[in-house]
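All remarks here apply to the structure that follows.
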Amino acid sequence: MKVTPLMEQYLRIKEQYKDSILLFRLGDFYEAFFEDAKIVSKVLNIVLTRRQDAPMAGIPYHALNTYLKKLVEAGYKVAICDQMEEPSKSKKLIRREVTRVVTPGSIVEDEFLSETNNYMAVVSEEKGRYCTVFCDVSTGEVLVHESSDEQETLDLLKNYSISQIVCSEHLKSSLRERFPGVYTESISEWYFSDLEEVEKAYNLKDIHHFELSPLALKTLAALIKYVKYTMITEDLNLKPPLLISQRDYMILDSATVENLSLIPGDRGKNLFDVLNNTETPMGARLLKKWILHPLVDRKQIEERLEAVERLVNDRVSLEEMRNFLSNVRDVERIVSRVEYNRSVPRDLVALRETLEIIPKLNEILSNFGVFNKLAFPEELVDLLRRAIEDDPLGSPGEGKVIKRGFSPELDEYRDLLEHAEERLKEFEEKERERTGIQKLRVGYNQVFGYYIEVTKANLDKIPDDYERKQTLVNSERFITPELKEFETKIMAAKERIEEMEKELFKSVCEEVKKHKEVLLKLSEDLAKMDVLSTLAYDAILYNYTKPVFSEDRLEIKGGRHPVVERFTQNFVENDIYMDNEKRFVVITGPNMSGKSTFIRQVGLISLMAQIGSFVPAQKAILPVFDRIFTRMGARDDLAGGRSTFLVEMNEMALILLKSTEKSLVLLDEVGRGTSTQDGVSIAWAISEELIKRGCKVLFATHFTELTELEKHFPQVQNKTILVKEEGKNVIFTHKVVDGVADRSYGIEVAKIAGIPDRVINRAYEILERNFKNHTKKNGKSNRFSQQIPLFPV
Ligand SMILES: Nc1ncnc2c1ncn2[C@@H]1O[C@H](COP(=O)(O)OP(=O)(O)O)[C@@H](O)[C@H]1O
Ligand SMILES: [Mg+2]
């Protein structure tokens, strides 16, 4: 194959982007060649053609984003190669460059994104310490986490629903295994050097201002380089890194996030969806973060709660404020798009509309005394108002983006174009009169430009200055010097309009960039305002109360499960009291009576309080927990190849390792995955250990043996769920009371579940014959506790 200059150009560029699919702009298409073409044609279901023997597949340039989305979602990395100059007749080969590398985690375009954060994570490890830098390129957010605990790192990666992992080579295969659905890429070690990158990106004199460890700085440098590489720019839009550490936040393990159904996932109904009545995308994202990272500092928690309380107490202003917030747009992402030169005219309109709300919001804010006044960049609003059409059409350069009156020069050219039609009509009329050809027509086509068309019958009448341009079957087309001049002017005007509008749009974007700091602060303030006012709104809507904090008392009166109560009629309220003396609750009761709901509800109420939310209870006095641990339900870790029991014991091991006297531990049916004797024994031993530890524990179990703990440890209280028997029917009241479950009511539950009557009756028979006498007379629970040596603490 003879290599043309164009192909040579292609191959040279492809050489630099071997690991990506290269989309190469050729006129109105982005073309893929060779192996890339085969993939593109398969994934996008488009025809595979050939160009000089090379397999080729093309995408129309205006539909790029639609196709790009599919390629990226299918797990490919795509490099976009654009034409860097206007095609002209004189030059043969125009300059082409890659302007963008698209991966799942480096996306700023609205079409690709949902309202939620889109995080990529850069992960590194050195001598057993793990560092993860999370970045949402579309918002500029950067979060840094460092720990010697691999599990904590994995938990965070899971909780953040990352869309991409970038890591050092030696971590790649294990991370791939852990996160099979996530696009994972390794980068070479030199990415992790050059701390100047950090200084440059943040315009810092001294990187030590960030108070990050050397490992964290290196990882941050890698992130910066990677983002530069994908966005092909030196100007990044990154916010200062925020350190996530157990000192400031509760870092929840992923099991707890799942068990308590905190955020949307596979499990359906969740806390986030219940609380998320936010009005802005920034608010929704922040609320999720608050839920994933409850505070551990009492003062900070109380600050939030007080803000919420003030908002609750002025409902009129609250509603007004939320009304205004509902018109606030995604400023955070708009700023990012502007910064990366990927904004569309509508972004600037949305920005103006948002900014115009600020003065009104500021008026209301003074009513609460909670928020500082929002910054209002007046000149910017004024500029946007004057420069950008209220309802812009198309992209800059098509003439419908910059408002009339903004640039007299642009307007002049536009006038010229707009009057062109009229002028042509006039010209046509004049020519008809001059030649006496009534059927003379002035027209335009792409190839020949403007022309005068005369039918063959009238050819004898044409004047001398008509110059032949084109011959058709029944007519001929001509041009005159006047028409030629007219054409030149029109073409020049069109070109000028295109250039000028692009330039003007760019200059407005530059102005926006200059206000970046203000705008980012603004979006942060708006997000916080949105979340606090949403928590106030939720408090009113769902009838929540303000929790108060104490050293070690946990007292909930009339508590409810925030999620279950939304989907259950007549949800039954429950109380609980725990303190240092009484800190271990064993809950027994039949299946379906509400044990799991109850212990989760205690966890959720505590968690909500620590994010600064009011809580579903009549009264709540709570300790500030350093962490909430859960061990619940049967889950197989299929991907990890661990059995239910192994998963359970893994999670239990973590709790035993990490819980402190300030932790809340929720255990649901621990020990179920193995034989009864083993299960009870392990559950008992774990309980002893946790009682010694001093944490607060709620343990729901069907092992009645565990209720014997109460006899040996004064810290233990037994609770059960009241079951009423009315004749042959049992009623689950869902009421938590003191005591021990006397029966399991398994057969009754089976009946409620729809097992046929004849099977149910047979089960009663078997129960009667084989077990009744045995358990009544010498219950095995008694036997059990007599057999094990006990050392009360
Ligand atoms: N306090 C309550 N008020 C009303 N319904 C409840 C309550 N607690 C639980 N339920 C209902 O009972 C069902 C079973 O509860 P669950 O906590 O799973 O029981 P268990 O863990 O004892 O098997 C729940 O799905 C819910 O519909
Ligand atoms: Mg249960």
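The values are calculated or read from the model by the stated rules, or taken from the named source; none is laboratory data. What you see is a predicted model, and the numbers here were worked out from it, not measured in a lab. Heads up, the Cβs are rebuilt from the backbone with ideal geometry, glycines too, and the neighbour counts pull from every protein chain shown.
Considering (1) within 16 Å of ligand 2 (Cβ to nearest atom); (2) modelled with pLDDT under 85, say which one Ala741 fails and leave the rest.
Among (1) within 16 Å of ligand 2 (Cβ to nearest atom); (2) modelled with pLDDT under 85, the lone unmet condition for Ala741 is (2).
Please go through the stretch 131-154 and pick out each residue that is assigned to a helix (DSSP H, G or I), without any contact (Cβ under 8 Å) to a residue 60 or more places away in the chain and more than 21 Å from the chain's Cα centre (by Cα). If you could, list the steps in order and put the result at the bottom.
Narrowing the stretch 131-154 to residues assigned to a helix (DSSP H, G or I): 150-154.
The next check asks that each one be without any contact (Cβ under 8 Å) to a residue 60 or more places away in the chain; those that pass are 150, 153.
Of everything in the stretch 131-154, just one residue is assigned to a helix (DSSP H, G or I), without any contact (Cβ under 8 Å) to a residue 60 or more places away in the chain and more than 21 Å from the chain's Cα centre (by Cα), namely Glu150.
Scan the stretch 408-431 and tell me whether some residue there is in a loop (DSSP other than H, G, I, E, B), modelled with pLDDT of 90 or more and not aromatic (Phe, Trp, Tyr). Can you show your working first?
As a first pass, look at the stretch 408-431 and keep what is in a loop (DSSP other than H, G, I, E, B): none.
No, the conditions are met nowhere in the stretch 408-431.
Matching residues to (1) near ligand 1 (Cβ under 9 Å from one of its atoms); (2) outside any loop (DSSP other than H, G, I, E, B); (3) farther than 11 Å from His561 by Cα; (4) at pLDDT below 95:
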position: Tyr577; (1), (2), (3), (4): no, yes, yes, no
position: Lys582; (1), (2), (3), (4): no, no, yes, no
position: Met592; (1), (2), (3), (4): yes, no, yes, yes
position: Arg600; (1), (2), (3), (4): yes, yes, no, no
position: Ser606; (1), (2), (3), (4): no, yes, yes, no
position: Ala617; (1), (2), (3), (4): no, no, no, no
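This table checks each residue for (1) without any contact (Cβ under 8 Å) to a residue 40 or more places away in the chain; (2) crowded, with 18+ Cβ neighbours inside 10 Å; (3) part of a loop (DSSP other than H, G, I, E, B).
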| residue | (1), (2), (3) |
| --- | --- |
| Ser317 | no, yes, no |
| Arg337 | no, yes, no |
| Leu351 | no, yes, no |
| Ile357 | yes, yes, no |
| Phe371 | no, yes, yes |
| Phe376 | yes, no, yes |
| Asp391 | no, no, yes |
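What do you reckon, is Ile691 touching a strand residue (DSSP E or B) at 6+ places or on another chain (Cβ under 9 Å) and part of a helix (DSSP H, G or I)?
Details: touching a strand residue (DSSP E or B) at 6+ places or on another chain (Cβ under 9 Å): yes; part of a helix (DSSP H, G or I): yes.
Yes, satisfied.
In the stretch 694-735, how many residues are within 43 Å of the chain's Cα centre (by Cα) and at positive phi?
2
Scan the stretch 21-28 and tell me whether some residue there is surrounded by 15 or more Cβ atoms within 10 Å (Cβ to Cβ), among the hydrophobic types (A, V, I, L, M, F, W, C), at pLDDT below 95 and not assigned by TED's automatic domain parsing to the domain that holds Val227.
Taking the stretch 21-28 and keeping what is surrounded by 15 or more Cβ atoms within 10 Å (Cβ to Cβ), we get 21-26.
Checking which are among the hydrophobic types (A, V, I, L, M, F, W, C) leaves us with 21-24, 26.
Of the ones still in play, those that are also at pLDDT below 95 are 26.
Retained after the next criterion (residues that are not assigned by TED's automatic domain parsing to the domain that holds Val227): 26.
Yes: the stretch 21-28 contains one or more residues that are surrounded by 15 or more Cβ atoms within 10 Å (Cβ to Cβ), among the hydrophobic types (A, V, I, L, M, F, W, C), at pLDDT below 95 and not assigned by TED's automatic domain parsing to the domain that holds Val227.
With respect to Val548, determine if the residue is hydrophobic (A, V, I, L, M, F, W, C), loosely packed, with under 15 Cβ neighbours inside 10 Å and at pLDDT 95 or above. Don't jump to the end; show me each part of the working.
Working: hydrophobic (A, V, I, L, M, F, W, C): yes; loosely packed, with under 15 Cβ neighbours inside 10 Å: yes; at pLDDT 95 or above: yes.
Yes; evaluated as a whole, the condition is true for this residue.
Being without any contact (Cβ under 8 Å) to a residue 12 or more places away in the chain and in contact with a strand residue (DSSP E or B) (Cβ under 6 Å, 6 or more places away or on another chain) is the filter here, so list the residues in the stretch 206-260 that pass it.
none
Checking Lys662 against (1) under 28 Å from Ala750 (Cα atoms); (2) of a type in the set (Lys, Arg); (3) away from ligand 1 (no atom under 16 Å from the Cβ): exactly one of these is not met. Which one?
Unmet condition: (1).
Here's a check for you: in the stretch 619-632, which residue that is away from ligand 1 (no atom under 14 Å from the Cβ) and of a type in the set (A, V, I, L, M, F, W, C) is nearest to Val670 (Cα to Cα)?
Phe629
Looking at the stretch 662-674, can you tell me whether even one residue there is away from ligand 2 (no atom under 16 Å from the Cβ), within 38 Å of the chain's Cα centre (by Cα) and surrounded by fewer than 22 Cβ atoms within 10 Å (Cβ to Cβ)?
Scanning the stretch 662-674 turns up at least one residue that is away from ligand 2 (no atom under 16 Å from the Cβ), within 38 Å of the chain's Cα centre (by Cα) and surrounded by fewer than 22 Cβ atoms within 10 Å (Cβ to Cβ).
Could you go through the stretch 667-680 and let me know if any residue there is within 30 Å of Asp538 (Cα to Cα), in contact with a strand residue (DSSP E or B) (Cβ under 7 Å, 6 or more places away or on another chain) and away from ligand 1 (no atom under 16 Å from the Cβ).
Just the residues of the stretch 667-680 that are within 30 Å of Asp538 (Cα to Cα), to begin with: 667-668.
Remaining after also requiring in contact with a strand residue (DSSP E or B) (Cβ under 7 Å, 6 or more places away or on another chain): 667-668.
Remaining after also requiring away from ligand 1 (no atom under 16 Å from the Cβ): none.
No, the stretch 667-680 contains no residue that is within 30 Å of Asp538 (Cα to Cα), in contact with a strand residue (DSSP E or B) (Cβ under 7 Å, 6 or more places away or on another chain) and away from ligand 1 (no atom under 16 Å from the Cβ).
Taking Arg129, is it under 30 Å from Lys14 (Cβ atoms) and charged (D, E, K, R)? Full working, then the answer.
Values: under 30 Å from Lys14 (Cβ atoms): no; charged (D, E, K, R): yes.
So Arg129 fails the test.
So for the stretch 648-657 (the condition being within 16 Å of ligand 2 (Cβ to nearest atom), assigned by TED's automatic domain parsing to the domain that holds Leu604, modelled with pLDDT under 90 and on the phi > 0 side of the Ramachandran plot), does at least one residue qualify?
No: zero hits.
Of everything in the stretch 219-248 that's assigned to a helix (DSSP H, G or I) and of a type in the set (A, V, I, L, M), which residue is modelled with the lowest pLDDT?
Kept after step one, since they are assigned to a helix (DSSP H, G or I), are these residues of the stretch 219-248: 219-231.
If we keep only those that are of a type in the set (A, V, I, L, M) as well, we get 220-224, 227, 231.
Working: Leu220: 96, Ala221: 96, Ala222: 96, Leu223: 97, Ile224: 96, Val227: 96, Met231: 93.
Only one residue tops the list, namely Met231.
What about Arg693, is it touching an Asp or Glu at 6+ places or on another chain (Cβ under 8 Å), assigned by TED's automatic domain parsing to the domain that holds Arg600, of a type outside the set (Ser, Thr, Tyr) and within 16 Å of ligand 2 (Cβ to nearest atom)? First the steps, then the outcome.
Numbers: touching an Asp or Glu at 6+ places or on another chain (Cβ under 8 Å): yes; assigned by TED's automatic domain parsing to the domain that holds Arg600: yes; of a type outside the set (Ser, Thr, Tyr): yes; within 16 Å of ligand 2 (Cβ to nearest atom): no.
No, not satisfied.
Which pairs do you get when a residue that is closer than 17 Å to Arg385 by Cβ, found in the stretch 402-423, comes within reach of a residue that is part of a helix (DSSP H, G or I) and of a type in the set (Asp, Glu), reach meaning Cβ atoms under 6 angstrom, with the pair 6+ apart or on two chains?
Partner pairs satisfying both residue conditions: Ile402/Glu501; Arg404/Asp411.
What single numbered condition from (1) touching a Lys or Arg at 6+ places or on another chain (Cβ under 8 Å); (2) touching a residue at least 12 places away in the same chain (Cβ under 8 Å) fails to hold for Val548?
Going through (1) touching a Lys or Arg at 6+ places or on another chain (Cβ under 8 Å); (2) touching a residue at least 12 places away in the same chain (Cβ under 8 Å) one by one, Val548 breaks only (1).
Name the residue, out of Lys430, Lys456, that is farther than 30 Å from Ile388 by Cα, of a type outside the set (Ser, Thr, Tyr), exposed (fewer than 14 other Cβ atoms within 10 Å of the Cβ) and touching a strand residue (DSSP E or B) at 6+ places or on another chain (Cβ under 8 Å).
Numbers: Lys430 fails: touching a strand residue (DSSP E or B) at 6+ places or on another chain (Cβ under 8 Å).
Answer to the check: Lys456.
Of all residues being touching a residue at least 24 places away in the same chain (Cβ under 8 Å) and assigned to a loop (DSSP other than H, G, I, E, B) in the stretch 183-205, which is farthest from Glu146 (Cα to Cα)? Just the residue, please.
Ranking the qualifying residues of the stretch 183-205, first place goes to Asp194.
Hey, can you tell me all the residues within the stretch 186-209 that are crowded, with 17+ Cβ neighbours inside 10 Å and out of contact with any helix residue (DSSP H, G or I) (no Cβ under 6 Å at 6 or more places or on another chain)?
Ile187, Tyr202
So if I check each of Val736, Val749, Val716, which one is within 16 Å of ligand 2 (Cβ to nearest atom), closer than 27 Å to Ile576 by Cβ and surrounded by 19 or more Cβ atoms within 10 Å (Cβ to Cβ)?
Details: Val749 fails: surrounded by 19 or more Cβ atoms within 10 Å (Cβ to Cβ); Val716 fails: within 16 Å of ligand 2 (Cβ to nearest atom).
Criteria check complete, one pass: Val736.
Residue by residue through the stretch 349-381, note down the ones that are at pLDDT 95 or above and touching a Pro at 6+ places or on another chain (Cβ under 8 Å).
Val349, Leu355
Among the candidates Glu725, Glu748, Glu765, single out the residue that is modelled with pLDDT of 80 or more, of a type in the set (Asp, Glu) and assigned to a strand (DSSP E or B). Spell out the reasoning first.
Details: Glu748 fails: assigned to a strand (DSSP E or B); Glu765 fails: assigned to a strand (DSSP E or B).
The conditions single out Glu725.
Mind checking which pairs have a first residue in the stretch 754-772 that is exposed (fewer than 10 other Cβ atoms within 10 Å of the Cβ) and a second that is at pLDDT below 85 and of a type outside the set (Ser, Thr, Tyr), Cβ under 9 Å, 6 or more apart or different chains?
Listed by first residue and then by second, the contacts come to Asp757/Lys751.
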